[in-house]
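Scroll down for the structure; my scribbles are underneath it.
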Amino acid sequence: MLKKRIVGNWKMNGLKSDLAYIIEISQQAAAHPKADVAICVPATLIESAAKASDIMAIGAQDCHASHSGAHTGCVSAAMVAECGAKYVIVGHSERRTDQGESNADVKAKAQAVIAQQMCAILCVGESEDHRNSGNAVAIVIEQLNLSLPDIDNLENSLCVAYEPIWAIGTGRIPSLEEVAEMHMAIRQALVVKYGDSGNDIHILYGGSMNGDNAADLLNIAHVDGGLVGGASLSAAKFTPVIEAANNA
Ligand code: 13P
């Protein structure tokens, strides 16, 4: 079984005054060694958060697919790596919607992240209409197949996060059976694409994960961790999720 991995996604939250909280979470990570814990902070905090936390990995929430160039306002994978990022989220639904990122864009970003020896956390997930249509699995697997990077050596370079769009920030989650069905389908797609090494890729669940539902979600087969938004923003809410991962 893969070691459970809990990744906080702070989204557009966090100022330097929140670094004390990074230290607090990193102490929780040290106290729960059976779970891997990381936090993806805004680009402005990566360097200071990485310096403040030697146990817990720090990640970025996006990067450009190109190494450098005329892309005002963007940061490259090399830039966030230089600041100390170990993970980069790519293809979050908020970026797919707000910035119009396509599956091809997401694939290119994942490849750029891996080329810098970081781990790409590649997000996929269906809308509520797609869930209600009964086609969620087929839609997510197509999105996944079009977004997966072409790489030979996968060692710790890729995670997939299944995040149903309608579950993000809403307090609603799919049934445990629906999560199990989706994660199994994602696992099969990863093995088709990468062979046996597809079994070593963490598949995270994201969307309203919290201290109340984490244990149930993390005990589902092929749920190898969580990508946590709102509940990662306070130690009181994040610690129970870390505990659940440590005990799963
Ligand atoms: P919430 O945990 O706030 O639903 O956000 C999930 C998410 O989007 C993590 O990337």
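The values are calculated or read from the model by the stated rules, or taken from the named source; none is laboratory data. Keep in mind it's a predicted model, so treat the numbers as computed, not measured. Every residue, glycine among them, receives a Cβ derived from its backbone with ideal geometry; neighbour counts consider all protein chains shown.
Got a sec? Which of Ala70, Ala81, Ala104, Ala50 is in contact with a Lys or Arg (Cβ under 9 Å, 6 or more places away or on another chain) and of a type in the set (Gly, Ala, Ser)?
Ala50 is the lone residue from the list that is in contact with a Lys or Arg (Cβ under 9 Å, 6 or more places away or on another chain) and of a type in the set (Gly, Ala, Ser).
For segment 151-186, which residues satisfy the criterion of being within 16 Å of the ligand (Cβ to nearest atom), of a type in the set (Gly, Ala, Ser) and touching a strand residue (DSSP E or B) at 6+ places or on another chain (Cβ under 9 Å)?
Selection gives Ala161, Ala167.
Please find, among Ala244, Ala215, Ala180, Ala185, the residue that is more than 15 Å from the chain's Cα centre (by Cα), surrounded by fewer than 16 Cβ atoms within 10 Å (Cβ to Cβ) and not charged (D, E, K, R).
Just a single option satisfies the conditions, and that option is Ala215.
State which residue is surrounded by the fewest Cβ atoms within 10 Å (Cβ to Cβ) when the search covers only segment 219-238 and only residues that are over 16 Å from Pro164 (Cβ atoms) and more than 14 Å from the ligand (Cβ to nearest atom).
Ala236
What's the total number of residues in segment 72-110 that are under 14 Å from the mean Cα position of the chain (by Cα) and of a type in the set (A, V, I, L, M)?
Residues flagged as under 14 Å from the mean Cα position of the chain (by Cα) and of a type in the set (A, V, I, L, M) within segment 72-110 amount to 6.
Out of Ala120, Ala108, Ala115, report the one residue that is closer than 24 Å to Gly230 by Cβ, out of contact with any Asp or Glu (no Cβ under 8 Å at 6 or more places or on another chain) and of a type in the set (Gly, Ala, Ser).
The conditions single out Ala120.
Any residue at all in segment 121-132 that's touching a strand residue (DSSP E or B) at 6+ places or on another chain (Cβ under 7 Å) and away from the ligand (no atom under 16 Å from the Cβ)?
No.
I'm told His130 meets every condition in (1) free of Cβ contacts under 8 Å to residues at least 40 places away in the same chain; (2) in a helix (DSSP H, G or I); (3) in contact with a Gly (Cβ under 9 Å, 6 or more places away or on another chain) except one. Can you identify the failing condition by its number?
(3)
Quick test for you: out of Ile39, Ile23, pick the one residue that is surrounded by fewer than 21 Cβ atoms within 10 Å (Cβ to Cβ) and of a type in the set (A, V, I, L, M).
Ile23
Using the structure shown, decide if Ser102 is of a type outside the set (D, E, K, R), modelled with pLDDT of 95 or more and within 16 Å of the ligand (Cβ to nearest atom).
Answer is no for this residue.
Filter segment 188-207 for residues that are at negative phi and either among the polar types (S, T, N, Q) or within 16 Å of the ligand (Cβ to nearest atom) (or both) and give the result.
If the condition is that a residue be at negative phi and either among the polar types (S, T, N, Q) or within 16 Å of the ligand (Cβ to nearest atom) (or both), then Gln188, Ser197, Asn199, His202, Ile203, Leu204, Tyr205, Gly206 are the ones that fit.
Would you mention how many residues in segment 87-122 are of a type in the set (A, V, I, L, M) and part of a helix (DSSP H, G or I)?
8
Residues checked against (1) farther than 20 Å from Leu158 by Cβ; (2) of a type in the set (Gly, Ala, Ser):
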{"position": "His71", "(1), (2)": "yes, no"}
{"position": "Cys74", "(1), (2)": "yes, no"}
{"position": "Ile89", "(1), (2)": "no, no"}
{"position": "Arg95", "(1), (2)": "no, no"}
{"position": "Gly100", "(1), (2)": "yes, yes"}
{"position": "Lys107", "(1), (2)": "no, no"}
{"position": "Asp129", "(1), (2)": "yes, no"}
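Does Leu148 qualify as being within 18 Å of Ala185 (Cα to Cα), buried (at least 19 other Cβ atoms within 10 Å of the Cβ), within 13 Å of the ligand (Cβ to nearest atom) and not charged (D, E, K, R)?
no
In segment 9-48, what count of residues is obtained for those that are aliphatic (A, V, I, L, M) and either modelled with pLDDT under 95 or over 23 Å from Cys123 (Cα atoms) (or both)?
9
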